[in-house]
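First up is the structure itself, then whatever we jot down about it.
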Amino acid sequence: MNQPVSKWVNTEPDAGLPHALLEGLARSVPSTTIEDIWLFPTRRIATGESTVFVVAAVADEPDRRRVITARYLVTRDRKGTASVQEKIAEHGTAPTAAVARIVHGVLQRMGEEGEQPPRAVPVERDPERWWALIEELGGRRPEAVPEPDQSAQASDPAVAGSAAADASDAAAGDVANGPDGGPADQVSSTDNTGPEAPPPA
């Protein structure tokens, strides 16, 4: 897919580039529902840049696909900052074998048939394929947030010692307060004086 050449001095992330538009599309049409996508070359028009994607997404019937178009109009200010207008439309469902023909007809009605044919990309509802496409177009996949290492915490002497101290304090509190949370019963001392002597006769 042809990338529009950036002529701007703005160094902020460009929301008008194809990879950014695809990321925006996935917020409305999750990549886990996309079987195929057609990428049309970005065209320069009087008001800015026009980019079209056509999606074949899963439908309720396993042998049919939902046909969805996403049209983006990108305009820029004097600093080159992009403003994106998005229009997503669903055109019903079609048999899987007829999707390519339906896509052609939809584009004719939209007046979006360009001189260059679109690029068809199989996604197959696979997030890995989706992010590989975005990376190919110049984007970056989000970095995974590492989960806390429970084994490292368990092996840390400071953490283990703190946990042991907390457990000891909790146990001491249970003894002081009794099992029901109230004051513990007082334990009487043992009387070692032996049995009481019988009265004298």
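The values are calculated or read from the model by the stated rules, or taken from the named source; none is laboratory data. What you are looking at is a predicted structure, and each value in this text was computed from that prediction instead of being measured. FYI the Cβ positions are ideal-geometry reconstructions off the backbone, even for glycines, and counts take in every protein chain you see.
Points worth noting:
- Residues satisfying the stated conditions in segment 124-145, i.e. among the β-branched types (Val, Ile, Thr) and under 16 Å from GLY24 (Cβ atoms): ILE134
- Looking across ALA59, ALA94, one residue alone is in contact with a helix residue (DSSP H, G or I) (Cβ under 6 Å, 6 or more places away or on another chain) and of a type in the set (Gly, Ala, Ser). It is ALA94.
- Flag for GLU49 being in contact (Cβ under 8 Å) with a residue 40 or more places away in the chain and in contact with a Pro (Cβ under 7 Å, 6 or more places away or on another chain): yes
- Of all the criteria given as (1) loosely packed, with under 12 Cβ neighbours inside 10 Å; (2) modelled with pLDDT under 95, the one not satisfied by VAL159 is (1).
- Residue that is nearest to GLN85 (Cα to Cα) [pool: residues in segment 12-49 that are part of a strand (DSSP E or B) and within 19 Å of the chain's Cα centre (by Cα)]: ILE34
- Members of segment 92-104 found to be surrounded by 12 or more Cβ atoms within 10 Å (Cβ to Cβ), of a type outside the set (Gly, Ala, Ser) and at pLDDT below 90, listed by number: ILE102, VAL103, HIS104
- Filter result (under 16 Å from GLY24 (Cα atoms) and not charged (D, E, K, R)) within segment 79-113: ALA82, SER83, VAL84, GLN85, ILE88, ALA89
- Pairs are defined by a Cβ separation below 7 Å, a sequence spacing of at least 6 or placement on different chains, a first member in segment 1-30 that is closer than 17 Å to ALA56 by Cα, and a second member that is charged (D, E, K, R) and at pLDDT 55 or above; the pairs so defined are GLY24/GLU86.
- Pairs with Cβ under 6 Å, 6+ apart, first in segment 120-136 and under 14 Å from LEU39 (Cβ atoms), second in a helix (DSSP H, G or I) and modelled with pLDDT of 95 or more: VAL121/LEU133; VAL123/ARG129; VAL123/TRP130; TRP130/SER31; ILE134/HIS19; ILE134/LEU22
- Any hit, segment 63-78, residues being touching a residue at least 40 places away in the same chain (Cβ under 8 Å), of a type in the set (Phe, Trp, Tyr) and surrounded by 13 or more Cβ atoms within 10 Å (Cβ to Cβ): yes
- Flag for GLN116 being in a helix (DSSP H, G or I), out of contact with any strand residue (DSSP E or B) (no Cβ under 7 Å at 6 or more places or on another chain) and modelled with pLDDT under 90: no
- Filter result (among the charged types (D, E, K, R) and either touching a residue at least 40 places away in the same chain (Cβ under 8 Å) or not in a strand (DSSP E or B) (or both)) within segment 79-113: LYS79, GLU86, ARG101, ARG109, GLU112, GLU113
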